[in-house]
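J.: Got a structure for you, written out below as structure tokens; questions coming shortly.
The values are calculated or read from the model by the stated rules, or taken from the named source; none is laboratory data. Not measured: the values here are computed from a predicted model. Neighbour counts are summed over all protein chains in view; Cβ atoms, including those assigned to glycine, are modelled from backbone coordinates with ideal geometry. When the accessible area is computed, the model is the full protein with side chains, heavy atoms only, and any ligands, DNA or RNA have been set aside. Shrake-Rupley method; radii C 1.70, N 1.55, O 1.52, S 1.80 Å.
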Amino acid sequence: MPLRAVVATQVSKTAAALSRAAGRGDGSVIGGWIGLKIDPDLLAHLASGRAVALVSGTNGKTTTTRLTAAAVGVLGRVATNSYGANMPTGHTSALAKEGHTPFAVLEVDEHYLAQVIEATRPRVVALLNLSRDQLDRAKEVAMMAQLWKTALANHPDIRVVANADDPLVVWSAAASPQVTWFSAGQRWLDDSFVCPESGHPIERANGDWWCTGCPLRRPRPQWSVEDEGVTDPRGDWHLVKLQLPGKVNIGNAATALAVAAEFGVRTIEALPRLSRVTSIAGRYAQVDKDGRNIRLLLAKNPASWLEAFDMADQAPTLLSINARDPDGLDTSWLYDVDFAPLRDRPVLITGDRAYDLAVRLQVNQVPFRHVQTFDEALQAVPPGRLEVIANYTAFQDIRAELDRVN
Ligand SMILES: [Zn+2]
């Protein structure tokens, strides 16, 4: 590396370490920020010489990145941004911290994908899904799809691993010369009723979809989720045993296996590594307290709330909503989510915006009880499982109450 990049890397690592020592989080944002101030090309320098995979999408990217890093680990050391710092500062910091590794698997915020492709020259890009996110900040999903499409068109050498079940993802990726399609299902359909190419309605039946006005349709997937496992491109079915809940995580595992296969990882060697992943920065973590088994599920936007309902057991469920800066200030997305699946279980609500949630649940005819604190919630339910579903800062608040469980 050029001298400037060497110095920038060292300063970045030191800054991150100081930030950690001062108890200000994991330091990855500040470390990367300082490194990029000293050398604006630092990310490119750090990525050079590594085989890189990027993972992007609205939902599931932190989990899929973790599973992919575990799978690629079959071949050698992998640098990864495991704490969800998914912008170039976080990537810079993650690569600086790990030193030289043959591989890197990076989660990328969907808005930054084009920029990170330019800097890191990845071998593989995985595209998971696109759906509406924070209303006051995120781009319209069709605009995101257009950004992805343009970014990939500029790099025909990239191998794309993309979700055949999401019409926006298919439209973004279809022009790339090297695409491997996976099918992980799509629970949330409200952002893909209209064809991004022609504007005609999209029809669906039995897991298939097609545009009624142009040739855009679901490609045949090489990897797909079937029952509790994954079918690979040769047609062999593999049981996927995970410690993470829900069918959505089997889909994330299928994606990870497909990406790892692009690097030459054999599925049977990757599977035991996937089964050792327990929780990811507190997500899916289980904590026992006062006879209650508490499980933490993070849900940040309408699509991820639907997935959380699918993962949660039929057990008392605490919902917590904040609307601080990282969450987005607008809670009207609550009306995009159908809370009816919660009708047949005890529901508790809390958080800064519990009253917004209360109105939504009342409209949705879901009985609930409001609690002021997490401890009050614990005392309100019988011993046994308590599912907690919370958006970003509400999740962090509850995680702090549980001694920052990982
Ligand atoms: Zn069309």
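J.: With the condition being open to solvent by 10 Å² or more (accessible area, probe 1.4 Å), of a type in the set (K, R) and closer than 16 Å to R385 by Cβ, I'd like the strands (runs of 3 or more DSSP E) fully within region 255-349 carrying at least 2 qualifying residues.
T.: Output list reads 292-298.
J.: Another question about this same structure. Just wondering, is there one or more residues in region 183-202 that are under 22 Å from the mean Cα position of the chain (by Cα), open to solvent by 90 Å² or more (accessible area, probe 1.4 Å), over 23 Å from G264 (Cβ atoms) and away from the ligand (no atom under 16 Å from the Cβ)?
T.: Checked region 183-202: at least one residue is under 22 Å from the mean Cα position of the chain (by Cα), open to solvent by 90 Å² or more (accessible area, probe 1.4 Å), over 23 Å from G264 (Cβ atoms) and away from the ligand (no atom under 16 Å from the Cβ).
J.: If I ask for residues that are under 12 Å from the mean Cα position of the chain (by Cα) and hydrophobic (A, V, I, L, M, F, W, C), which ones from region 55-77 would you list?
T.: V55, L67
J.: Out of region 133-159, which residues are open to solvent by less than 30 Å² (accessible area, probe 1.4 Å), over 28 Å from M311 (Cα atoms) and outside any loop (DSSP other than H, G, I, E, B)?
T.: Across region 133-159, the qualifying residues are W148, A151, L152.
J.: Another question, if that's okay. Which ones in region 165-182 are open to solvent by less than 10 Å² (accessible area, probe 1.4 Å) and away from the ligand (no atom under 16 Å from the Cβ)?
T.: Once the filter is applied, which keeps residues that are open to solvent by less than 10 Å² (accessible area, probe 1.4 Å) and away from the ligand (no atom under 16 Å from the Cβ), region 165-182 yields only F182.
J.: Take S93 and tell me if it is outside any loop (DSSP other than H, G, I, E, B), closer than 27 Å to V78 by Cα and among the polar types (S, T, N, Q).
T.: Taking the combined requirement at face value, the residue satisfies it.
J.: While we're on this one: Just to verify a result, which residue in region 203-213, among those that are assigned to a loop (DSSP other than H, G, I, E, B) and over 29 Å from I268 (Cα atoms), is nearest to the ligand (Cβ to nearest atom)?
T.: Looking at the filtered set, the residue picked out is G213.
J.: Another question about this same structure. Have a look at L402, L348, L298, L357 and point out the one that is at pLDDT below 95 and over 23 Å from L242 (Cα atoms).
T.: L402
J.: Name the residues in region 123-132 that are surrounded by 24 or more Cβ atoms within 10 Å (Cβ to Cβ) and part of a loop (DSSP other than H, G, I, E, B), would you?
T.: L128, N129, L130, S131
J.: What number of residues in region 214-252 are within 16 Å of the ligand (Cβ to nearest atom) and either closer than 20 Å to A312 by Cβ or open to solvent by less than 40 Å² (accessible area, probe 1.4 Å) (or both)?
T.: Within region 214-252, residues that are within 16 Å of the ligand (Cβ to nearest atom) and either closer than 20 Å to A312 by Cβ or open to solvent by less than 40 Å² (accessible area, probe 1.4 Å) (or both) number 3.
J.: Taking region 350-387, which residues are open to solvent by 20 Å² or more (accessible area, probe 1.4 Å) and hydroxyl-bearing (S, T, Y)?
T.: Correct list: Y355, T373.
J.: Let me ask something else. Could you grab me the full set of residues in region 348-388 that are among the β-branched types (V, I, T) and under 26 Å from the mean Cα position of the chain (by Cα)?
T.: I349, T350, V388
J.: Do we find that G49 is assigned to a loop (DSSP other than H, G, I, E, B) and within 18 Å of E118 (Cβ to Cβ) in this structure?
T.: yes
J.: Please enumerate the residues belonging to region 9-39 that are open to solvent by less than 60 Å² (accessible area, probe 1.4 Å), assigned to a helix (DSSP H, G or I) and out of contact with any Pro (no Cβ under 9 Å at 6 or more places or on another chain).
T.: Those that are open to solvent by less than 60 Å² (accessible area, probe 1.4 Å), assigned to a helix (DSSP H, G or I) and out of contact with any Pro (no Cβ under 9 Å at 6 or more places or on another chain): T9, V11, S12, A15, A16, A17, S19, S28, G31, I34, G35, I38.
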